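Read through the structure below, which is laid out as structure tokens, and then see the notes.
The values are calculated or read from the model by the stated rules, or taken from the named source; none is laboratory data. Everything numeric here is computed off the predicted structure, so don't read it as measured data. With ideal geometry, Cβ positions are generated from the backbone for all residues, glycine too; neighbour counts draw on all protein chains shown. Accessible surface areas use protein heavy atoms only, side chains included; no ligands, DNA or RNA. Shrake-Rupley method; radii C 1.70, N 1.55, O 1.52, S 1.80 Å.
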Amino acid sequence: MKFDTPATTNPIDQLKVVGQPTSRIDGPFKTTGTAPYAHERHDVAPHAAHGYVVGAGISKGRIAAMNLEAARAAPGVITIVTARNAGPLGKGNFNTAKLLGGPEIDHYHQAIALVVAKTFEQARAAAQLVRVEYVRTAGRFDLAAQKDTAQLPRFMAFGGPPESKVGDFEGAFLAAPVQLDATYTTPDQSHVMMEPHATTAAWQGDELTVWTSNQMIDWSRGDLAKTLGIPKAKVRLVSPFIGGGFGGKLFVRADALLAALGARAAKQPVKVALQRPLMINNTTHRPATIQRIRIGSTKDGKIAAIAHESWSGDLPGGKAETAVNQTRLLYAAPHRLTAMRLAELDLPEGNAMRAPGEAPGMLALEIAMDEMAEKLGLDPIEFRIANDTQVDPEKPGRPFSHRRFIECLRTGAQRFGWGRRNPRPAQVRDGRWLVGIGVAAAFRNNQVMKSAARVRLDSRGVVTVETDMTDIGTGSYTIIAQTAAETMGVSLEKVFVKLGDSKFPVSSGSGGQWGGNSSTAGVYAACMKLREAVAQKFGVSPQDAEFADGTIRVGERTVALADAAGTDGLVAEDHIEFGELQKKYQQSTFGAHFVEVGVDAATGEVRVRRMLAVCAAGRILNPTSARSQVIGAMTMGVGAALMEELAVDKRQGFFVNHDLAGYEVPVHADIPHQDVIFLDETDPMSSPMKAKGVGELGICGVGAAVANAVYNATGIRVRDYPITLDKLLDRLPSVA
């Protein structure tokens, strides 16, 4: 199915199943412990050996010698894999560094060996006996120190050009009567998902199967095949349940490669799970940024010039953090400048983490907007509204497909009680607490990806959906089932969904906020093809047929779908392919975040008291799971604002706090009641579902709303995240 014209009325619009609050159909499997996760595949590999990864103990240099004798002689050891005996290995399209290092070392904890033993404890004990001698070389570990060496990166598929210019920014900024020129920083952050990167691997002859934890099945299948130097057709990748990803499992990582190499060497299935420290230093993270924002405005609050420049770092050949993306689209201004610059660092690989680009970019931009509003003496909401635009500011001939940003702000202000906010900072107290309210915009682009599915109708009237789409805790199983049920006119109980297997048609996968909309559109396309097959067997035109209550009806004739399927059943397969609408219309999601905080006047402790998100993100396919997505993202936003930071040892070049004891994330006690409002809307330019993504919109802007609330409470403006006690203590208002 080619989607190149706006969606009109279709079966999804019935909203009998789609759009209804629905509990997750996979919930019982997870709560009863029967959902098969990658490291627990006793059903397919009951006697698998265990692999334990040895990570490099230096950040830059080479291995001079590796002594494996003691490890090989340890109890239970079956084999040890290193770069010397692994055979020729390539590098996948999505990895910046080699997944198995040696003799050259690219970063700290790069995998250099896998010890395979009969039990996990034996593998772990033997791994401690591996002795490695290194030759260290100097590395670059400090973004601020390397900032002046940063260059414009190459064009990025999901990030656009490295710089953009409209009009004469420099001239307009200098001429503006009100100016802001400020620099903000965001730290390196880690995904720290609950489930580690884990894989169980087995060979049958020259064919490999990996049961792994991965968001993008087809990408990773191809990369694993390329790395091993075998045909893609010889690799099967299975990932039906994933215990969190947040972008950290978009690509194949060392666990999958080493499990495959270990299984080949041991001649039996092998399972590997990365230790928590290796999850942080071996895999990917959100890179730190330095961001400079300049805004020039008229005295009445119309932005005349806006510039956003960002610096980030990565390994040689890596990618920039696209922190300026939202500034290209969010606010109107005739004169504009954005630029990304990339410095080479020898830290572990920087890559996608939930809402790459917009998440760190909004942390800076939305503080800057508040600072500018204060300079102008304007309410922060009214300043944002005054600079709204219904067209792409860089390409004014390209309208937004749907943009209800102002309504998000107005709705949130009314619901949250914004009118009661004291605009003068440090004026509201509740006992020992300084109380403040903050607001920030939410923005994330709506991306779509080609996605396919296969649907089967059997003699029981059951519809089975097969697609390699993944569910990373987002609710994919449920919205796909809802889509099939709605389109085929059956109850949800009559739909069975199979996900996460490379034997199934290639889907969009989970990432970039494109998964829900794109994968359901692919299922819709396949179901429409199945409707054609049913109608043809019934001898009628599909346009004349009604599919409802498990039947097909035309006029007075009604036949159960089970009977129409017959004993052999019916099968249909199709995909959704997106045309030029994305180019004709700017498709984005919008929102507004409101936060109230209390700051202890004596200690500087910050407590979030209440939160509200108002979202405009197309049709909400399942309000229950969509709300869950947004409140989870809001929680991550609080973490980014107040506590999350990978501490860099700038001498040795690694992240010091590489476990959940040292890398702090919000817990239940940190998060108060959270409220979410979805505006009732559809976007026919987006897909036949008329939906958009929502899972990443919820994090964009949250941290800035917290920062703006802290300022309103204390009068202290913090431009360097996270907002920790040391940045408040010496500037707090008097307790008296």
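Per-residue answers, yes or no, for (1) of a type outside the set (Phe, Trp, Tyr); (2) touching a Cys at 6+ places or on another chain (Cβ under 8 Å); (3) not in a helix (DSSP H, G or I):
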residue: 695; (1), (2), (3): yes, no, yes
residue: 698; (1), (2), (3): yes, yes, no
residue: 707; (1), (2), (3): yes, no, no
residue: 713; (1), (2), (3): yes, no, no
residue: 716; (1), (2), (3): yes, no, yes
residue: 722; (1), (2), (3): yes, no, yes
Revision key, fill the gap. Listed by first then second residue, the pairs whose first member lies in the stretch 397-422 and is closer than 19 Å to residue 387 by Cα, whose partner is at pLDDT 95 or above and open to solvent by 70 Å² or more (accessible area, probe 1.4 Å), with beta carbons under 8 Å and at least 6 positions apart or on separate chains, are 398/584; 399/390; 400/390; 403/390; 413/419
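Please enumerate the residues belonging to the stretch 519-549 that are outside any helix (DSSP H, G or I) and among the β-branched types (Val, Ile, Thr).
Initially, the stretch 519-549 is screened for residues outside any helix (DSSP H, G or I), giving 539-541, 545-549.
Residue satisfying the conditions is 540 alone.
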Review point. Do we have residue 265 as in contact with a strand residue (DSSP E or B) (Cβ under 9 Å, 6 or more places away or on another chain) and more than 30 Å from residue 171 (Cβ to Cβ) here?
Key: yes
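Every residue in the stretch 170-185 that is open to solvent by 60 Å² or more (accessible area, probe 1.4 Å) and of a type in the set (Ser, Thr, Tyr), please.
Start the filter on the stretch 170-185 by keeping residues that are open to solvent by 60 Å² or more (accessible area, probe 1.4 Å), which leaves 170, 174-175, 177, 179, 181, 183.
Residue satisfying the conditions is 183 alone.
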Check your understanding: Of the residues 118, 98, 147, which is over 24 Å from residue 246 (Cα atoms) and open to solvent by 70 Å² or more (accessible area, probe 1.4 Å)?
Key -> 118
Check your understanding: Looking at 453, 413, 426, which one is closer than 24 Å to residue 641 by Cα, out of contact with any Leu (no Cβ under 8 Å at 6 or more places or on another chain) and modelled with pLDDT of 95 or more?
Key -> 413
Study note, to complete from the structure: residue 298: passes all of (1) surrounded by fewer than 20 Cβ atoms within 10 Å (Cβ to Cβ); (2) under 20 Å from residue 113 (Cα atoms) but (2)
Review point. Which of the residues belonging to the stretch 310-335 are out of contact with any His (no Cβ under 9 Å at 6 or more places or on another chain), more than 24 Å from residue 650 (Cα to Cα) and not in a loop (DSSP other than H, G, I, E, B)?
Key: 325, 335
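One line per residue, one yes/no per condition, for (1) closer than 30 Å to residue 397 by Cα; (2) touching a helix residue (DSSP H, G or I) at 6+ places or on another chain (Cβ under 7 Å); (3) open to solvent by 60 Å² or more (accessible area, probe 1.4 Å):
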| site | (1), (2), (3) |
| --- | --- |
| 72 | no, no, yes |
| 75 | no, yes, yes |
| 80 | no, yes, no |
| 89 | no, yes, yes |
| 114 | no, yes, no |
| 122 | no, no, no |
| 165 | yes, no, yes |
| 168 | yes, no, yes |
Review point. For the stretch 566-579, does any single residue satisfy the condition of being open to solvent by 10 Å² or more (accessible area, probe 1.4 Å), within 25 Å of residue 6 (Cβ to Cβ) and not in a strand (DSSP E or B)?
Key: yes
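Condition check ((1) over 27 Å from the mean Cα position of the chain (by Cα); (2) modelled with pLDDT of 95 or more) across all residues:
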site	(1), (2)
3	no, yes
16	yes, yes
39	no, yes
46	yes, no
52	yes, yes
63	yes, yes
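So if I check each of 670, 675, which one is in contact with a Leu (Cβ under 7 Å, 6 or more places away or on another chain), more than 16 Å from residue 364 (Cα to Cα) and open to solvent by 20 Å² or more (accessible area, probe 1.4 Å)? Before you say what the answer is, go through the steps one by one.
Details: 670 fails: in contact with a Leu (Cβ under 7 Å, 6 or more places away or on another chain).
Step by step, each of 670, 675 is checked, and only 675 is in contact with a Leu (Cβ under 7 Å, 6 or more places away or on another chain), more than 16 Å from residue 364 (Cα to Cα) and open to solvent by 20 Å² or more (accessible area, probe 1.4 Å).
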Revision key, fill the gap. Per the filter on the stretch 301-313, residues within 21 Å of residue 359 (Cβ to Cβ), surrounded by fewer than 24 Cβ atoms within 10 Å (Cβ to Cβ) and in contact (Cβ under 8 Å) with a residue 60 or more places away in the chain are 307
Exercise for review: Report yes if some residue within the stretch 264-281 is more than 29 Å from residue 469 (Cα to Cα), open to solvent by less than 10 Å² (accessible area, probe 1.4 Å) and over 20 Å from the mean Cα position of the chain (by Cα); otherwise report no.
Suggested key: no
Study note, to complete from the structure: Only one of (1) under 16 Å from residue 641 (Cα atoms); (2) surrounded by fewer than 24 Cβ atoms within 10 Å (Cβ to Cβ) does not apply to residue 606, and that is (2)
Review point. Inside the stretch 24-66, can you point out the residues that are surrounded by fewer than 21 Cβ atoms within 10 Å (Cβ to Cβ) and among the β-branched types (Val, Ile, Thr)?
Key: 25, 31, 32, 34, 44
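Residues are listed down the side, and each one gets a yes or a no for (1) modelled with pLDDT of 95 or more; (2) aliphatic (A, V, I, L, M); (3) closer than 30 Å to residue 352 by Cα; (4) more than 18 Å from the chain's Cα centre (by Cα):
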{"site": "487", "(1), (2), (3), (4)": "yes, no, no, yes"}
{"site": "495", "(1), (2), (3), (4)": "yes, yes, no, yes"}
{"site": "500", "(1), (2), (3), (4)": "yes, no, yes, no"}
{"site": "507", "(1), (2), (3), (4)": "yes, no, yes, no"}
{"site": "525", "(1), (2), (3), (4)": "yes, yes, yes, yes"}
{"site": "543", "(1), (2), (3), (4)": "no, no, no, yes"}
Practice item. Find the strands (runs of 3 or more DSSP E) located wholly in the stretch 163-240 whose residues include 3 or more that are of a type in the set (A, V, I, L, M, F, W, C), and list them. Key: 178-186, 198-204, 207-212, 235-238
Check your understanding: Only one of 340, 353 is within 30 Å of residue 674 (Cβ to Cβ) and open to solvent by less than 10 Å² (accessible area, probe 1.4 Å); which?
Key -> 353
Check your understanding: What pairs come up if the first residue lies in the stretch 258-282 and is in contact (Cβ under 8 Å) with a residue 40 or more places away in the chain and farther than 18 Å from residue 38 by Cα, the second is open to solvent by 20 Å² or more (accessible area, probe 1.4 Å) and of a type in the set (A, V, I, L, M), and their beta carbons are under 7 Å apart, counting only those six or more places apart or on different chains?
Key -> 266/78
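Can you say whether residue 653 is more than 29 Å from residue 514 (Cα to Cα), touching a residue at least 12 places away in the same chain (Cβ under 8 Å), surrounded by fewer than 24 Cβ atoms within 10 Å (Cβ to Cβ) and touching a Leu at 6+ places or on another chain (Cβ under 9 Å), as far as the supplied structure shows? Before the answer, list the steps.
On the way: more than 29 Å from residue 514 (Cα to Cα): yes; touching a residue at least 12 places away in the same chain (Cβ under 8 Å): yes; surrounded by fewer than 24 Cβ atoms within 10 Å (Cβ to Cβ): yes; touching a Leu at 6+ places or on another chain (Cβ under 9 Å): yes.
So residue 653 fits the description; yes.
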Practice item. Could you run through the stretch 474-488 and say how many residues are open to solvent by 10 Å² or more (accessible area, probe 1.4 Å) and part of a loop (DSSP other than H, G, I, E, B)? Key: 1
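With the condition kept exactly as written, say whether any residue in the stretch 661-668 is under 30 Å from residue 584 (Cβ atoms) and among the hydroxyl-bearing types (Ser, Thr, Tyr). It would help to see each step written out before you state the result.
Step one: list which residues in the stretch 661-668 are under 30 Å from residue 584 (Cβ atoms), which gives none.
No, there is no match, as no residue in the stretch 661-668 is under 30 Å from residue 584 (Cβ atoms) and among the hydroxyl-bearing types (Ser, Thr, Tyr).
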**Study point:** Selection status of residue 12, open to solvent by less than 50 Å² (accessible area, probe 1.4 Å), touching a helix residue (DSSP H, G or I) at 6+ places or on another chain (Cβ under 7 Å), of a type in the set (A, V, I, L, M, F, W, C) and farther than 30 Å from residue 266 by Cα
**Key:** yes
Point to revise | Enumerated strands (runs of 3 or more DSSP E) restricted to the stretch 387-465, each holding at least 1 residues that are surrounded by fewer than 20 Cβ atoms within 10 Å (Cβ to Cβ) and more than 33 Å from the chain's Cα centre (by Cα) | key: 433-445
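What residue, of 159, 205, 222, is out of contact with any strand residue (DSSP E or B) (no Cβ under 6 Å at 6 or more places or on another chain), of a type in the set (Gly, Ala, Ser) and open to solvent by 70 Å² or more (accessible area, probe 1.4 Å)?
Working: 159 fails: open to solvent by 70 Å² or more (accessible area, probe 1.4 Å); 222 fails: open to solvent by 70 Å² or more (accessible area, probe 1.4 Å).
The match here is 205.
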